[in-house]
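Engineer: Supplied in structure tokens, the structure appears directly below.
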Amino acid sequence: MNVDGPTGQPSTVQYSAAAAAAAAGASVNTPHDYFSYSTTTAQMIDRWEFNHSNILSNLSQLPPDLLPSLIPQISQQLQQQNPMMATPSMSALAAAAAAAAAATAGSQVGLSQQQHHHQPQPMQVDHTFAVPAVPIHRQQPSSLQPGAMAAQYDYPGAMASIQQQPQQQQQHSLVNAQFPGVQSQHVGQAQGGYSQNQQQQTLGASRSHGVLSAAGGPANGLAQHAAYHQGFQPASEPLKLFGAGIKPSADLVPGTQITRQQALRESVRDHVLQTAHQLYSANARNPVLIDMLQSLHQLHPRHLPTLLLLACTYFSSGQAEKSLEYNRKILDIDPKYVEAMSNIGTTLRSMGYAAEAEAQWWSAIKLSPGYWDAVENLLGVLCGSASAAKPGAAKTATQPRYAEALQLCEFVDGRLCQSRAPLRYAVQAKQLPRLQSLLYSAGNLRLALGDVAGARGEYEKAAEVALGGQMRLEDAVVRIAQAGLDPAQKQKQQQQPLSFASLPLTMLAPDAAARVLHVLFPATLGVLPGFAGLAAAQQQQANHVAANLLLALAKLHQEHASVAQPLTVVLPLYYMALALAPSPSTCNNLGIILSAIPSPPTPTLVPSVQGGHQAAQAPMGAALALQYYTHGLRLDARHPHLYTNLGSLLKDLGYVQEAVQMYRKAIELSPAFDVALANLGNAVKDMGCVQDSVEYYLRAARASPDFVEAVCGLANAMAGVCDWRARDGLWTAVATRWHAVLRADAVAADIFAVASRGRRPTAPAVLAKMQRLLGPAPEPAAGAPDMRRGWMDRIVEIVDQQLADGRAWGKGLLLARDASTNATRPTRALLWFLDGLARLLPERAGSPLAAFVHMALDLARAVAAAEGDAPPAGTRRRWAAVVRQMRCEGAWALRLAERVVVAQQRRLFQQRQRHAVDAGAPEFRRPQLPTGLAAPGVPTVLPFHTFTYPLDAREVRLISHRNAMRLSFATLGGGAPWLPSHVTPPPPAPPQGVLNLGYVSSDFNNHPLAHLMQSVFGMHDRRRFRVFCYATTAPDGSAHRQKIEAEADVFVACAGWSTQRIVERIAADAIHVLVNLNGYTKGARNEVFAARPAPVLVAFMGFAGTLGAGWCDYVVTDPIVCPPWTVRAEVRAERRRRARVPEMAERPHVAAVDEPRRREWAAALAGDFGELDPEEDEDPAGDVCGGGRWVYTERMIYMPHTYFVNDHRQGFREDDELRALAHASPDALWRAEQDARYRMRRELFPQLSDATFIFANFNQLYKIDPLLFRLWLRILERCPNSIIWLLRFPAAGEKHLLRVAAEWAGDEVASRVVFTDVAPKHMHIKRGRIADAFLDTTECNAHTTAVDILWSGTPVLTWPRHEHKLCSRVAASVVCATGHGRRMVVSSADEYVDRAVAWVEGATHTYEYSAPRPGVSEILDADPQTGMIKHRLCGGPAMDIRRELFMARDCSRLFDTQKWTRNLEKGLAEAWRRWAAGEDEDEVGVLDDAAEKDVDEQDAKPDVVSELEQLERKREWCRRIGREIDDAIDLFAASEENRRPDVFAPPGRSIWVLDDDDAMPAQSWMGQMVDW
């Protein structure tokens, strides 16, 4: 679920009601905690088959005493079958009943006075005994549970149902997130007999002492009791029961007026037994029953039906032992009487003898596999988690025994199945629903056990049972797809028939979907053929099960695709499910699926909620999704999930106000609906009301404390307005002692020293020290928030858990582990996958990647061929090296497939250079991922949020990587049906050396990116580049947009275009290098890059971090923001160097210590395919090359000064008075600048003393964290003549920061925290000169703002707090580009405070006075009293920096956009050259004998690397790169007449762009910063 979308901006959560039961785990949907108890074998009336005509025709065969109870039942059935005929038919039936009663004078059957007013209940069973069971009252579920077995069945014995989970336990997800698989449905201990109250409280269907359907058993079972099935013969003497006032006699059968002598006759016995059944159904504990049945038993001691009902009566009366006694008497008479066996099992289970009960059920099933009561009871026990307890013992929880349950299903299936092709079972038509439910359960069990293919097979069998053998399910899907074709497609289909593997996307409106069954089965009027013989009510309930299994099957196709484009199968299955059981939840899920379908090439109008059509452009899928949401609301106008998802759709289409209305409606219906609350918070936040959104996030988090989207949304919103209450748990306790720091409290000062080092708040060492200083955290008071564990602590826990869970993606798909030997072997899926890749790269020696693929395939085949034997030692070692890299099997396969696509494109390009090549050849087909690989999940915390969250390098890397994998899988895994089956052909070699350079962005408007880059596109050298710009947003009419449109060679306005159309256009434009200017920011179209429409993919500027993607080859950065030890390619090269060279000559004192690590790396490098695995664990030794240190999966294009381009020299000049002095002397220009500063200072802060030092920060307030704010307050405390100037950005943050300042530092310091409103861009840059110094935010720096400030001349004090976060190092990069980095960059919190204080303490100011010059426009006004102009002249360290910045800015490298563009061109040209030459691949293969050793066999482990040792490693790294660059320059100069090379680009590593004048100053700065 996404609360904040992959753009870094709040998005929406879609909720699938079908996923409700998943919150408690998977669900097998087996029988509930009731156990069927058979009361008779009699077959009299099948409620699903009788009708009024056959009742009337057979009236003479029925006992007269049944007529009064039958009439209400027949009435109910007639109403269900044919309401129009019910009244006349009942009149006829009543008349016939009266005539029959008159013909049998004196035989009126009555009940005792006590029960005379009891009206028989409608029958609730599907079996063949006409005894009314106690009705089961069940809550109508609001949605179909796709994993449920028969949740809506009203007849007992249905394979268990799902209880509706409480809403707060429901899992909130997209439709492709959760369909329940397997879960015990036992809600309590089995009791065997159940009261009416118990049944009313249970959603599942079960018999009250399950009434056996004799038809449920096999033919021999029917024959054994055939005599009883012949029906009743009229008694010669009418049966009389006691009426009012009649006293029983010892000679009478109790409860009747029948003498014992009369009861010796079989016909009279049967009538008495029938009456006993009536009494039992009305009240199973009727006291007369036992005496009545005992009397019959004495007269007919071997009459089995009497014994069976007697045993049931004892069971219902709580006399389990007596029940066992009489059931066993039955078996003494007939050892194969399965009804008694099953009842014994139920009784034993209620007594706590679980094993004995199971044995009895198994005995019954083996005798009669179609005896459903025993099957369902045993299945329920095996899938349950509550164990029956023996008398006096406590109940114990047990794990469900899914494997045994599956064996049961297989046994019954195998015994009943007569033929697999075509599918045929020895089951009566009326029992097919129960067979369908059994197969459905088998599918759920297989899914729970990890057998996805087996689950799909079981579901398909269950579906084909419903289809009645007329067609396969695949055929039904194809026919639905055919029906959905438009005329042009139908004409094409006549020449090329559709197949299941290559279907088109079938887009049906709700009314068309409702008719699909009529299209499929016109002969049965849209009824499933397997259920055509059932009555309407039974059809309806069977349809519910069929719909649920179709939904479960659709879910499998979504997550484990068996075809290239899963949605082509998923949608028809959903349409069938909706036609079978119209459900608002199915509409909801369909809406979610359809809304994710991308736009068609041409826009579609969106139907308006108010009627008609909106004028907006919207994707076709979204328009259809809107129809399904609306259709669902017609089915249930109070469905909160539909309102929520409708709101999400409207929000995505830009109708935020309407979305808010939908969310509010959902909350009105369900006030604690956490998803709706979180989505409402997102929408309100998007409207700019950040403070208002906090309320909704907080309500959502309180409703569901583990709802991660709510927790993250709350943390983001509160951080956005600097509301830090309960933010950091233990750190909040530190904050409460802040005032003590200002007063030299020693303990508090120690705490602050710990907290101000920039360490991650959850670092154990930091927390441990703080806990020692603070003492134990107190327990929270009643009703007070728990300050020991804050929101950020919770977020870090969430991230870690989600990343750990995500590592299991694809687990078991490629590797199988032998439990006995612990050996890892390849699966068939891995062999198929590697074989497919090897066919795509047929030349083993063609590239390092091809060599690896063939090597891995050879190893896998060798290990697989070894079977039970161990492979040769060398094979085993090399195989182990490959397996070690498959930490996440799904990610490994996806990354390898992406690498193969790159190799295919290059191979096609290189072959075309030599001769004509068919791009449609088999070797250029896109790689196919292993079948059964589900879509990967993504963490709730998105890449944009990592900028300000306390996350380490590995967490940041994996969050981006998981998001990238999701996009890659959506493209390569079948989510892009438009994608050609072959790789996109690369463009030809650049004609005349002119590269086609494409830029893709949503920000070619009035946006910071356009402000910074607007001149770059026109500055490109047209002799080397042709510039294409692809704008994915509509024009805003701004000057920035107009300039970019005018200066690009080709400007493509592709707002509203589908991904397919953009990709096809880029490929048609023959782009060589494609640049992503968005990354993970709002408006990104990263799916375009995932399709790889160009050979070289580059990213920069838009997103200040790694994309973690196989669809990004390079990031344009510099060594300051991305040191080499944070870059994967550089770390891998360093590992190879250290693995190859023991370093004895270089550093003998560490050689012995480093040897274990050298061997470990050598073995690991032997098994990767040229890149390190992002899933690498953190190196516990803390080595600088360890898995927990590097972040960037991309190679770098390192710029020589700074990567951060800007357009200030061209676009942002000063006031007219300064322009007039452009050619004046430096002193005059500087004097004019000071006057302009002084004038603006007095205008903005008229009450401020001239001696006050103004610190400023103009960032958005979300970048301020508690640690930084403590530093600022500390500076203000030490400098009483200073203020800090912040922006109301947003305005709601002002009150929170002022409150915190007062709490932590007192009112006087708080009064010097000053806020002003945000200014327009030009004014914002101009008034930046007012500040004396800019205090940068440290967690996420000022980026554009830092450049704005430096252009105004104001010095920036920055602390690059994190090596692994680019966003925290940008200001250091731009500051160093000015040449004054050492004066403005610090390395610790203490130095940050001290440097700021030094600037204040060293500041001076003096005044000079001058008379106004005639005819000259003065910047300052003259004093009205003296007539003189007062000039304020400032000095000090900060002012010295200001003068140098201001006076040199026109020649500063930071503001030289032309020079920056030329250097960028060098890097891009080299990236293309390396791709064409194949030099961007790193080496693959075994290095030396170290790789031949088993890592597990090494006794020595790497020692922990100290901080000093890490620093030394970094220094050496920097020095070595410097030497390599110098050597490359010298070598090139020697061969190229003293000309400097454009780049230093070692194969497989980053590209270092060298400036024509000063080579690589950023690299020198990087080395200096290590020492700082």
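The values are calculated or read from the model by the stated rules, or taken from the named source; none is laboratory data. None of the values given here were measured: they were computed from a predicted structure. We place every Cβ from the backbone using ideal geometry, glycine too, and count neighbours over all the protein chains shown. Remember, those area values only see protein heavy atoms, side chains included, never the ligands or the DNA or RNA. Shrake-Rupley method; radii C 1.70, N 1.55, O 1.52, S 1.80 Å.
Engineer: Of all residues in the range 1134-1180, how many are buried (at least 17 other Cβ atoms within 10 Å of the Cβ), modelled with pLDDT of 65 or more and in a loop (DSSP other than H, G, I, E, B)?
Structural biologist: The qualifying residues number 12.
Engineer: For the list (1) outside any loop (DSSP other than H, G, I, E, B); (2) of a type outside the set (Val, Ile, Thr); (3) in contact (Cβ under 8 Å) with a residue 40 or more places away in the chain, I need the number of the one condition that ALA1251 fails.
Structural biologist: Only one criterion is unmet by ALA1251, namely (1).
Engineer: Go through ALA1301, ALA1389 for me and flag whichever is buried (at least 21 other Cβ atoms within 10 Å of the Cβ) and either closer than 25 Å to ASP1558 by Cα or without any contact (Cβ under 8 Å) to a residue 60 or more places away in the chain (or both). Walk me through how you get there before you give the answer.
Structural biologist: On the way: ALA1389 fails: either closer than 25 Å to ASP1558 by Cα or without any contact (Cβ under 8 Å) to a residue 60 or more places away in the chain (or both).
Criteria check complete, one pass: ALA1301.
Engineer: Pairs under 7 Å by beta carbon, first residue in contact (Cβ under 8 Å) with a residue 40 or more places away in the chain in the range 1554-1568, partner buried (at least 18 other Cβ atoms within 10 Å of the Cβ) and charged (D, E, K, R), six or more apart or different chains?
Structural biologist: LEU1554/ASP1542; ALA1562/ASP1118
Engineer: Is it fair to say TRP1359 is open to solvent by less than 20 Å² (accessible area, probe 1.4 Å), in contact with a His (Cβ under 6 Å, 6 or more places away or on another chain) and of a type in the set (A, V, I, L, M, F, W, C)?
Structural biologist: Details: open to solvent by less than 20 Å² (accessible area, probe 1.4 Å): yes; in contact with a His (Cβ under 6 Å, 6 or more places away or on another chain): no; of a type in the set (A, V, I, L, M, F, W, C): yes.
So TRP1359 does not fit the description; no.
Engineer: Evaluate the following for LEU324: is it free of Cβ contacts under 8 Å to residues at least 40 places away in the same chain, touching a Ser or Thr at 6+ places or on another chain (Cβ under 9 Å), part of a helix (DSSP H, G or I) and closer than 19 Å to LEU252 by Cα?
Structural biologist: For LEU324, the condition - free of Cβ contacts under 8 Å to residues at least 40 places away in the same chain, touching a Ser or Thr at 6+ places or on another chain (Cβ under 9 Å), part of a helix (DSSP H, G or I) and closer than 19 Å to LEU252 by Cα - is not met.
Engineer: Quick one: is LEU520 modelled with pLDDT under 95 and closer than 27 Å to ASN444 by Cβ?
Structural biologist: For LEU520, the condition - modelled with pLDDT under 95 and closer than 27 Å to ASN444 by Cβ - is met.
Engineer: Out of curiosity, is VAL882 within 22 Å of GLU1160 (Cα to Cα), modelled with pLDDT of 90 or more and assigned to a helix (DSSP H, G or I)?
Structural biologist: Yes.
Engineer: Name the residue that is most open to solvent (accessible area, probe 1.4 Å), counting only residues in the range 541-589 that are outside any helix (DSSP H, G or I) and farther than 23 Å from ARG434 by Cβ.
Structural biologist: So the residue we want is PRO582.
Engineer: Is there a residue in the range 339-347 that is surrounded by fewer than 24 Cβ atoms within 10 Å (Cβ to Cβ), at pLDDT below 95 and under 27 Å from LEU432 (Cβ atoms)?
Structural biologist: no
Engineer: Follow-up question, since we're still on this one. Within the range 349-381, how many residues are aliphatic (A, V, I, L, M) and surrounded by fewer than 24 Cβ atoms within 10 Å (Cβ to Cβ)?
Structural biologist: Count: 5.
Engineer: If CYS1518 satisfies all but one of (1) open to solvent by 60 Å² or more (accessible area, probe 1.4 Å); (2) under 49 Å from the mean Cα position of the chain (by Cα); (3) over 22 Å from GLU1479 (Cα atoms), what's the number of the condition it fails?
Structural biologist: (1)
Engineer: Further, regarding this structure: Scan the range 366-412 for residues that are β-branched (Val, Ile, Thr) and either assigned to a loop (DSSP other than H, G, I, E, B) or modelled with pLDDT of 80 or more (or both) and jot them down.
Structural biologist: Correct list: VAL375, VAL381, THR398, VAL412.
Engineer: Still on this structure, I have one more. Since LEU1229 meets every condition but one in (1) touching a residue at least 60 places away in the same chain (Cβ under 8 Å); (2) open to solvent by 20 Å² or more (accessible area, probe 1.4 Å); (3) more than 24 Å from PHE1446 (Cβ to Cβ); (4) among the aliphatic types (A, V, I, L, M), which condition does it not meet?
Structural biologist: Checking LEU1229 against (1) touching a residue at least 60 places away in the same chain (Cβ under 8 Å); (2) open to solvent by 20 Å² or more (accessible area, probe 1.4 Å); (3) more than 24 Å from PHE1446 (Cβ to Cβ); (4) among the aliphatic types (A, V, I, L, M), the one that fails is (3).
Engineer: Using the structure shown, decide if ASP636 is among the acidic types (Asp, Glu), closer than 15 Å to ALA596 by Cα and touching a helix residue (DSSP H, G or I) at 6+ places or on another chain (Cβ under 8 Å). Before the answer, list the steps.
Structural biologist: Values: among the acidic types (Asp, Glu): yes; closer than 15 Å to ALA596 by Cα: no; touching a helix residue (DSSP H, G or I) at 6+ places or on another chain (Cβ under 8 Å): yes.
Here the answer is no, as ASP636 does not meet what is asked.
Engineer: Could you tell me whether LEU1244 is of a type outside the set (Ser, Thr, Tyr), in contact with a helix residue (DSSP H, G or I) (Cβ under 7 Å, 6 or more places away or on another chain) and surrounded by fewer than 16 Cβ atoms within 10 Å (Cβ to Cβ)?
Structural biologist: It is true that LEU1244 is of a type outside the set (Ser, Thr, Tyr), in contact with a helix residue (DSSP H, G or I) (Cβ under 7 Å, 6 or more places away or on another chain) and surrounded by fewer than 16 Cβ atoms within 10 Å (Cβ to Cβ).
Engineer: Considering every residue within the range 847-858, establish whether at least one is out of contact with any Leu (no Cβ under 9 Å at 6 or more places or on another chain) and modelled with pLDDT under 90.
Structural biologist: Checked the range 847-858: at least one residue is out of contact with any Leu (no Cβ under 9 Å at 6 or more places or on another chain) and modelled with pLDDT under 90.
Engineer: Look through the range 283-299, keep the residues that are surrounded by fewer than 19 Cβ atoms within 10 Å (Cβ to Cβ) and over 15 Å from LEU252 (Cα atoms), and return whichever of them is modelled with the lowest pLDDT.
Structural biologist: Residue satisfying both the conditions and the ranking: PRO287.
Engineer: Could you list all residues from the range 1246-1272 that are farther than 23 Å from TYR949 by Cβ and in contact with a strand residue (DSSP E or B) (Cβ under 9 Å, 6 or more places away or on another chain)?
Structural biologist: LEU1248, ASP1250, ALA1251, THR1252, PHE1253, ILE1254, PHE1255, ALA1256 - these are the residues of the range 1246-1272 that are farther than 23 Å from TYR949 by Cβ and in contact with a strand residue (DSSP E or B) (Cβ under 9 Å, 6 or more places away or on another chain).
Engineer: Let me ask something else about it. Output the residue which, of all residues in the range 907-935 that are part of a helix (DSSP H, G or I) and among the charged types (D, E, K, R), is most open to solvent (accessible area, probe 1.4 Å). Give the derivation first.
Structural biologist: Here is the first cut: in the range 907-935, the ones part of a helix (DSSP H, G or I) are 907-914, 922-924.
Then keep just the ones that are among the charged types (D, E, K, R); that gives 907, 912, 914, 923.
Values: ARG907: 38, ARG912: 101, ARG914: 168, GLU923: 51 Å².
Restricting to residues being part of a helix (DSSP H, G or I) and among the charged types (D, E, K, R), the top hit is ARG914.
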